[in-house]
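Let me begin by presenting the structure, written as structure tokens, before commenting on it.
The values are calculated or read from the model by the stated rules, or taken from the named source; none is laboratory data. Note that the structure is a prediction, hence the values are computed from the model and not measured. Don't worry about glycine lacking a Cβ; one is built from the backbone with ideal geometry, like all the others, and counts go over all protein chains shown. We work out accessible area using only protein heavy atoms, side chains counted, and drop any ligands, DNA or RNA first. Shrake-Rupley method; radii C 1.70, N 1.55, O 1.52, S 1.80 Å.
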Amino acid sequence: MKMMKNALVILAGGLGSRFGDKIPKQFIKINNYNFIEYFLNNINIDYFDIIVIACEAKYRKKYFNKINNLKKKVKIIYSNPGKTRKISSFEALKKIKQYNPKNVLIHDSARPLCSNDLIKRIISNLSNNETAIPYIINNDRKLSSSNNEINSNIKYIQTPQGFKFNLIYKKHLKTKNIFYKDDSSLLNSNKIHFIKGENSNLKITFKNDLSFFKVMQKKIFKHGIGYDIHKFNFKIKKGLKLCGTKIDYYKLVGHSDADVGIHAICDSIFGALSMKDIGYYFSNKDLKWKNSNSKIFLNFAKEKLKENNFFIVNLDINFICEKPNISKYRNKMISNIADLLEIPKKIISIKATSNEKLGFIGEGLGIAAESIVQISNEKFY
Ligand code: ZN
């Protein structure tokens, strides 16, 4: 059988007894990600040919789709966790043995903040070494219980821990439970190749540590712009709708309800998500969308934000028209958009300007709207 290069084991069988929550901490979602999703999303998993997640069956289904959607190329399998960490680790190794991997990295799911750089260094160190085990030195002053100063060169061992697969597999086979603290503890420490770990690669043990996970998550900000324009139908004196608000003025001409405000907002969200324009998803040639309520389009944009794990930071909408007077309806429009997108009113701005009687808009023939949105993977409200 062809040899696989790198395998990754994620130990996620812990019940988090120190955490005091109903679901194990590794499955708690912060900003839409649980620990495992965050970790896998944050590293380049193309380094791996196979990933095995050791977790109870009841947590697999719930997260399987999500992880699979994130990364389609790599093979993700599951193994059963055992009563102890050693059993869990060994079970996972047994599961990937058939794939004949050269190297294996064994990671604790309680360390979601491990960087891609650390993964890269572990893998590169394994090309010349049997092991690559990250550690940090704690610079805090250390006192023993008898108030004696303790030599500060103590190594604090982290995960992921890199091994030649055959080495760690054989160690597991030969060693009994009692010696085991983590996989590197199965080896004589003189034989271990230590590499620098990361202070940020925290082990999230207690509930308070969750705030570190939130603060230290990598922040992504994206922006999008949207513009739309519709002309009035002067034969229909009523029926204008802007940002879902009915206004006593001429109706705008359009395939749908011609809500120029919502159309601009949708396009700005699609832009921020690097998608196509509104006409691509809701074609004005498709009878399905004839006279349809533009709320449907905005709801679609909201779902896309959710799917991509993004939250709106701020939404700024500008109407350009001579008439009607927008300011009277501003608060109602903000409420509508806040309800439809499930965001707070305070992050929405609706402004209006005239076109100083210049051009098509200046002659009062229609309304234009522009929208700029900022989105982030962190929720700020
Ligand atoms: Zn439109």
Tally, over the stretch 230-244, of residues that are without any contact (Cβ under 8 Å) to a residue 60 or more places away in the chain and either crowded, with 19+ Cβ neighbours inside 10 Å or within 13 Å of the ligand (Cβ to nearest atom) (or both): 1
Those residues of the stretch 215-256 that are in contact with a strand residue (DSSP E or B) (Cβ under 8 Å, 6 or more places away or on another chain) and assigned to a strand (DSSP E or B) come to a total of 20
Could you please find all residues in the stretch 323-338 being within 14 Å of Ala369 (Cα to Cα) and among the aliphatic types (A, V, I, L, M)? Ile326, Met333
Residue check: is Lys155 within 21 Å of Ser189 (Cβ to Cβ), without any contact (Cβ under 8 Å) to a residue 40 or more places away in the chain and surrounded by 14 or more Cβ atoms within 10 Å (Cβ to Cβ)? yes
Pairs needed: first member in the stretch 50-72, over 12 Å from Ala12 (Cα atoms) and modelled with pLDDT of 85 or more; second member anywhere, in a helix (DSSP H, G or I) and β-branched (Val, Ile, Thr); C-beta distance under 7 Å; at least 6 residues apart or different chains. Ile50/Ile96; Ile51/Ile45
Is it the case that Phe212 is in contact with a Ser or Thr (Cβ under 7 Å, 6 or more places away or on another chain), among the aromatic types (Phe, Trp, Tyr), farther than 18 Å from Tyr280 by Cα and away from the ligand (no atom under 16 Å from the Cβ)? no
Filter pass, Asn129 being in contact (Cβ under 8 Å) with a residue 60 or more places away in the chain and surrounded by fewer than 16 Cβ atoms within 10 Å (Cβ to Cβ): no
Would you mention how many residues in the stretch 206-229 are under 18 Å from Asn42 (Cα atoms) and surrounded by 13 or more Cβ atoms within 10 Å (Cβ to Cβ)? 6
Going through the stretch 178-205 one residue at a time, which ones are open to solvent by less than 80 Å² (accessible area, probe 1.4 Å), in a loop (DSSP other than H, G, I, E, B), under 17 Å from Phe165 (Cα atoms) and of a type outside the set (A, V, I, L, M)? Asp182, His193
Selected residue (criterion: surrounded by the fewest Cβ atoms within 10 Å (Cβ to Cβ)) from residues of the stretch 45-62 that are β-branched (Val, Ile, Thr) and part of a strand (DSSP E or B): Ile50
Name every residue in the stretch 334-359 that is within 18 Å of Leu240 (Cα to Cα) and hydrophobic (A, V, I, L, M, F, W, C), in order of residue number. Ile334, Ile337, Ile350, Ala352
Counted residues in the stretch 290-312 being open to solvent by less than 40 Å² (accessible area, probe 1.4 Å) and more than 16 Å from Ile337 (Cα to Cα) come to 3
Of all residues in the stretch 265-308 being modelled with pLDDT under 95 and in a loop (DSSP other than H, G, I, E, B), which is farthest from the ligand (Cβ to nearest atom)? Asn308
Checking Ile247, Ile262 in turn, the sole residue that is within 15 Å of the ligand (Cβ to nearest atom), modelled with pLDDT of 95 or more and hydrophobic (A, V, I, L, M, F, W, C) turns out to be Ile262
Failed condition for Ile225, given (1) in contact (Cβ under 8 Å) with a residue 24 or more places away in the chain; (2) in contact with a Lys or Arg (Cβ under 8 Å, 6 or more places away or on another chain); (3) closer than 26 Å to Gly362 by Cα; (4) among the aliphatic types (A, V, I, L, M): (2)
